[in-house]
1. Within region 1-44, which residues are over 20 Å from PRO89 (Cβ atoms) and among the aliphatic types (A, V, I, L, M)?
2. Limited to region 74-92, what total is found for residues that are surrounded by fewer than 16 Cβ atoms within 10 Å (Cβ to Cβ) and either assigned to a helix (DSSP H, G or I) or not aliphatic (A, V, I, L, M) (or both)?
Amino acid sequence: MTLICSCCQSEFVVARRKVQKSAAATGLIFGAIQGASTALTRAKTGNRNTPGQLKISLIASAMFGGLLGAAGGCGAGAAIGETIEQSLPNNYRCKACGHVFGLASS
């Protein structure tokens, strides 16, 4: 489906995706925090190594858990944001004239 600007009739129309980007960034941050926290908790309770190895394994667990949590959180946030975006007015912008509009006004 090609969108046409209701003001200048241009076909250079893009979705603004402000909510989707914000939700993805929020999911990324909270997913990283949750993933690192969970990994640290599990590494502390399940690791019976010597103290030197414990520090290395805790750092590695936190980093890996944070990366996995960030990826999952970002994906979930983007999916939720996309769902919200579809119900918002003024979700499209014309790159030719800068006019902002929604599907109902196009």
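1. Within region 1-44, ALA24, ALA25, LEU28, ILE29, ALA32, ILE33, ALA36, ALA39, LEU40, ALA43 meet the criteria.
2. Initial filter on region 74-92 (surrounded by fewer than 16 Cβ atoms within 10 Å (Cβ to Cβ)): 75, 79, 82-84, 86-90.
Right, trim to either assigned to a helix (DSSP H, G or I) or not aliphatic (A, V, I, L, M) (or both) and you get 75, 79, 82-84, 86-87, 89-90.
Residues meeting the conditions: 9.
A short reminder: the numbers here are calculations on the coordinates, not readings from a lab. As the structure is a computational prediction, the values presented were derived from the model and not from experiment. Because the Cβ atoms are built from the backbone with ideal geometry, glycine has one as well, and the counts that use them run over all protein chains shown.
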